[in-house]
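Data block below; observations after.
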Amino acid sequence: MSTELDRFAIFGGAPAFAEARHVGRPNVGDRRALHARIDGLLDRRWLSNDGPLVREFEQAICDLTGTAHCVAVCNATVALEILIRALGLAGEVIVPSFTFVATAHALQWLGLTPVFCDVDPITHNIDPAQVERLITPRTAAVLGVHVWGRPCDVDRLSAIAHDHAIPLLFDAAHAFGCSYRGGSVGTFGAAEVFSFHATKVLNTFEGGAVVTNNGALADRLRLMRNFGFAGYDRVVEVGTNGKMPEVCAAMGLTGLESFETFVAVNRRNYREYASRLACIPGVRLVTYDETERCNFQYVVAEIDADVTHIGRDPLVDVLFAENILARRYFHPGCHRMEPYRSLPRYADADLPETERLSDRVLCLPNGTDVTSEDAGRIADVLRGAVAHGAEISARLAAR
Ligand code: T4K
């Protein structure tokens, strides 16, 4: 006998989508403008190393964020590494565990010690009170992350960093185009790092940038991203190859021309999700402060399994069967990933909010590849699954 549950693809029904709907489909701007820029760089035969498109892109980022200096780099992970190196940091850096692992890896890669800090359960951002408790004489810096593009408590973190005379840095990988108290992300702390990875609201295929108002720091970053070269044959620093190619800047410049559209589509989809997922017990959509500039790139739901009677993970299985590839960012939390989980210093990590969140968070597809009909249908599937949460859980358990 067929039941309501048989309509779900996980139990043999037809999937909601014939083709996969992804979190992180790239936003692509005007192809003709992109092709023209690519023709230009091919005609110039200038493909990399501080080319005119990279310079134009850097200036555009400065203009948009109101920051004095932008150093474009091949990706945000390398941007973080170069920044940490340029500041000469050594010892411990306080950082959230609830972040993409690149934030912690950049520190570990350079021989620094990430000191994992818990996050605020509502904002999902690093908890300033705990930052203060974690500061010791070994603390070299605080590295906050503007998770989902919602800025950290910049004022409190700035006061703490100032009181302890340590630099405050931000991983702003998610927060391009966002603001805090009217000021653009990019202008806070000693420096901030953007990601322009394919999955970000603005992409350069792969890419990242350090933005700062500190001219001396920017000069050093420029040297370090190009092997430490200060001119032909003159190396004045240890450096690496962190250069952004011209074709990436071409993509970034083209994307910037459509940036307002990307954000408008994200906002429209977010609102569609929000209206359909409102008032579902046990499902809480992360909200944005719309009095600020937000990029709405991430649509994030928290699932409270005690209320929904279906956990986040079985829910992901249900959605995947429907061809809705929802993601569990940042499960399981950096401190529960290698190499951190096997290192003695993290054995007693006490990060209850991080663990609670990383077991509850579900990211839903957004971006210009997602129509509002898609968003509505995805929300309806989620709502339907939660409505049958207990029965689905029981049937999955019986398998
Ligand atoms: N700090 C934070 C807080 C970050 O979130 C990130 C990156 C970084 C630092 C480091 O920035 P980068 O060094 O990457 O510039 C993704 C991204 O790879 C990563 O950039 C991002 N954060 C993270 C949150 O998400 P994955 O492993 O989920 O990526 P991937 O490549 O599997 O892409 C996700 C989905 O997007 C795919 O299932 C399909 C879709 N997709 C992806 C690409 C690359 C496409 O449709 N087309 C594409 O070209 O980590």
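The values are calculated or read from the model by the stated rules, or taken from the named source; none is laboratory data. On a predicted model such as this, the values are computed, not experimentally measured, just so you know. Neighbour counts run over all protein chains shown; Cβ positions are idealised from the backbone, glycine included.
Tell me, please, whether a residue that is surrounded by 19 or more Cβ atoms within 10 Å (Cβ to Cβ) and in contact with a Phe, Trp or Tyr (Cβ under 9 Å, 6 or more places away or on another chain) can be found in the stretch 314-323. Yes, the stretch 314-323 has at least one match.
Of the listed requirements (1) modelled with pLDDT of 95 or more; (2) surrounded by fewer than 17 Cβ atoms within 10 Å (Cβ to Cβ); (3) farther than 21 Å from A249 by Cβ, V145 misses just one: (2).
The rows are residues; the columns are (1) in contact (Cβ under 8 Å) with a residue 24 or more places away in the chain; (2) in the same structural domain as C279 (by TED's automatic domain parsing).
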position	(1), (2)
R341	no, no
D350	yes, no
R356	yes, no
D369	yes, yes
A394	no, yes
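Taken over the stretch 165-181, the residue count meeting the criterion of being under 17 Å from V263 (Cβ atoms), more than 12 Å from the ligand (Cβ to nearest atom) and of a type in the set (G, A, S) is 2. Here is the figure for the stretch 188-226: residues that are within 17 Å of D63 (Cβ to Cβ), buried (at least 22 other Cβ atoms within 10 Å of the Cβ) and small (G, A, S) total 1.
Listed by first and then second residue, the pairs with beta-carbon distance under 8 Å, at least 6 apart or on different chains, first residue in the stretch 25-36 and in contact (Cβ under 8 Å) with a residue 60 or more places away in the chain, second of a type in the set (G, A, S) and within 15 Å of the ligand (Cβ to nearest atom), are R25/G367; P26/A198; P26/G367; N27/G255; N27/G367; V28/G255; G29/G255. Go through the stretch 125-139 and count every residue that is in a loop (DSSP other than H, G, I, E, B) and surrounded by fewer than 21 Cβ atoms within 10 Å (Cβ to Cβ). Of the residues in that region, 4 qualify. For the list (1) within 15 Å of the ligand (Cβ to nearest atom); (2) assigned to a loop (DSSP other than H, G, I, E, B), I need the number of the one condition that I122 fails. Evaluating I122 over (1) within 15 Å of the ligand (Cβ to nearest atom); (2) assigned to a loop (DSSP other than H, G, I, E, B) leaves (1) as the failure. Just one of the numbered conditions (1) within 16 Å of the ligand (Cβ to nearest atom); (2) over 28 Å from S258 (Cα atoms); (3) hydrophobic (A, V, I, L, M, F, W, C); (4) in a loop (DSSP other than H, G, I, E, B) is not true of V142: (4). Residues of the stretch 1-46 being in contact with a strand residue (DSSP E or B) (Cβ under 6 Å, 6 or more places away or on another chain), assigned to a loop (DSSP other than H, G, I, E, B) and either surrounded by 16 or more Cβ atoms within 10 Å (Cβ to Cβ) or not aliphatic (A, V, I, L, M) (or both), which ones? Within the stretch 1-46, just V23 meets the criteria.
Filter the strands (runs of 3 or more DSSP E) completely within the stretch 258-372 down to those with at least 2 residues that are within 22 Å of L202 (Cβ to Cβ) and out of contact with any Cys (no Cβ under 9 Å at 6 or more places or on another chain). It would help to see each step written out before you state the result.
Values: elements: 283-285, 299-303, 361-364.
Strands (runs of 3 or more DSSP E) meeting the threshold: 361-364.
Which residue is surrounded by the fewest Cβ atoms within 10 Å (Cβ to Cβ), if the candidates are limited to the stretch 82-119 and must be assigned to a helix (DSSP H, G or I) and within 10 Å of the ligand (Cβ to nearest atom)? Step by step, filter the stretch 82-119, then rank; the result is V101. Which number in (1) in contact with a strand residue (DSSP E or B) (Cβ under 8 Å, 6 or more places away or on another chain); (2) closer than 23 Å to A250 by Cα marks the one condition that V201 misses? Every condition holds for V201 apart from (1).
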